[in-house]
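What follows is one structure encoded as structure tokens, with my remarks underneath.
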Amino acid sequence: MILQLSGIGKRFSDMVVIPDLAFSVEEGEFVGVIGPNGAGKTTLFALIAGSLRCDCGDVRLDGRSITQLSANARCRAGIGRTFQIPQPFHGMSVFENLVVAAAFGTGRSEGDVYVRCVDLLDQCALADKANRTAGSLTLLDRKRLELARALATGPRVLLLDEVAGGLTEHECKALVELIRTIRRGGVSIIWIEHVVHALTAVVDRLLVLHGGTPVAKRRELVKRFQEDELTPFFVLSLKAGGTGLNLTAASHVIHYDRWWNPAVENQATDRAFRIGQQRNVLVHKFICRGTIEDRIDQLIEAKQQLVKDVLEGGAELLLTEMSDRELLDLVKLDVHAAQEN
């Protein structure tokens, strides 16, 4: 048994994200992790990798407790991790990114890791891009680089966090083949993924996370809210996913921040507007001035107003007359503008 989690838990204030979780991974095993948004999947990886500390429980690597070790110590002990959004050094070359990861993860000198990095370039189909800056890569190649950097640290357990997200079907198949190759090297893998068909093509078994509230308990809470007038409110996470959350007893929905994707943000509102709703539901959105959420809100409102201006009065013809650049400027959400003071 290479990795063992015993009764680990994590909460943020009063919200339990991971309650008393226990599971293990055998040497060379491939485990998939699925669950709705907000179920604690990425938090689980943070607890294993050490970027978050467990509130309770124990994490063991090859029989040795690593619960009290820092993230960098766990990396050198054999825990490698990728992130949902690739995080390379954008101004450095692909090869330099691998050298940094390999030297840090193994504790060896720069010269001693060159051969390993060249091998990873070949394995991850990046050899022809070795001297390109990481910031110039396509999404698929950034995903490949993210994998290669994690492998460069010499992991015994590799944590993959939604590496197929945002890829086309063809790109997804190419990535799955790369992951199959990595597995043949003997490393144990845990993969979080929403692209379930990609996941089930390679894993040995699935672990399903449902968040801090068990499904049976969720039904009980929904029933109480729907039927008991003395239950005044129902708290949902930002990404309120899952089935059975039909909250038609609500007369108000309150959002306390904005999210980059309004479709995700409005899932909580959607719970109130279900079949059987006979009330006039008021939706309130509270935003703290001067915060990043405030600037996101302004950007979204500006884009929505622009769409309204373009599409009203038969102006849809303007879309066909726009250049590619004008169309891209129309629909993009400028992250840098949102972060400016």
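Assorted remarks:
- The listed residues are Val187, Val115, Val203, Val163, and the only one of them that is buried (at least 20 other Cβ atoms within 10 Å of the Cβ) and closer than 26 Å to His90 by Cα turns out to be Val163.
- Flag if Ile190 is among the aliphatic types (A, V, I, L, M), in the same structural domain as Phe30 (by TED's automatic domain parsing) and part of a helix (DSSP H, G or I): no
- For the condition at positive phi and touching a residue at least 24 places away in the same chain (Cβ under 8 Å), Gly7 qualifies.
- Candidate set from the stretch 118-160 (those that are in a loop (DSSP other than H, G, I, E, B) and touching a residue at least 60 places away in the same chain (Cβ under 8 Å)); member that is surrounded by the fewest Cβ atoms within 10 Å (Cβ to Cβ): Arg156
- Looking across the stretch 76-96, the residues that are in a helix (DSSP H, G or I) and at pLDDT 95 or above come down to Val94, Phe95, Glu96.
- Yes/no for Ser6 being out of contact with any Lys or Arg (no Cβ under 9 Å at 6 or more places or on another chain), over 22 Å from Gly185 (Cα atoms), surrounded by fewer than 18 Cβ atoms within 10 Å (Cβ to Cβ) and in the same structural domain as Leu160 (by TED's automatic domain parsing): no
- Test result for Leu175, outside any loop (DSSP other than H, G, I, E, B), in contact with a helix residue (DSSP H, G or I) (Cβ under 7 Å, 6 or more places away or on another chain) and in the same structural domain as Gly40 (by TED's automatic domain parsing): yes
- Residues located in the stretch 25-50, provided they are of a type in the set (Gly, Ala, Ser) and within 16 Å of Leu158 (Cβ to Cβ): Gly28, Gly32, Ala46, Ala49, Gly50
- If the condition is being at pLDDT below 95 and more than 17 Å from the chain's Cα centre (by Cα), then the stretch 157-169 contributes Thr168, Glu169.
- Test for Gly244: is it at pLDDT below 80 and exposed (fewer than 14 other Cβ atoms within 10 Å of the Cβ): yes
- Filtering the stretch 196-211 for residues that are at pLDDT 90 or above, of a type in the set (Gly, Ala, Ser) and outside the structural domain of Asn97 (by TED's automatic domain parsing) leaves an empty set.
- Subset of the stretch 78-106 (residues that are without any contact (Cβ under 8 Å) to a residue 60 or more places away in the chain and within 18 Å of Leu3 (Cβ to Cβ)): Gly105
The values are calculated or read from the model by the stated rules, or taken from the named source; none is laboratory data. For clarity, every value in this text was computed on a predicted model and none was experimentally measured. Because the Cβ atoms are built from the backbone with ideal geometry, glycine has one as well, and the counts that use them run over all protein chains shown.
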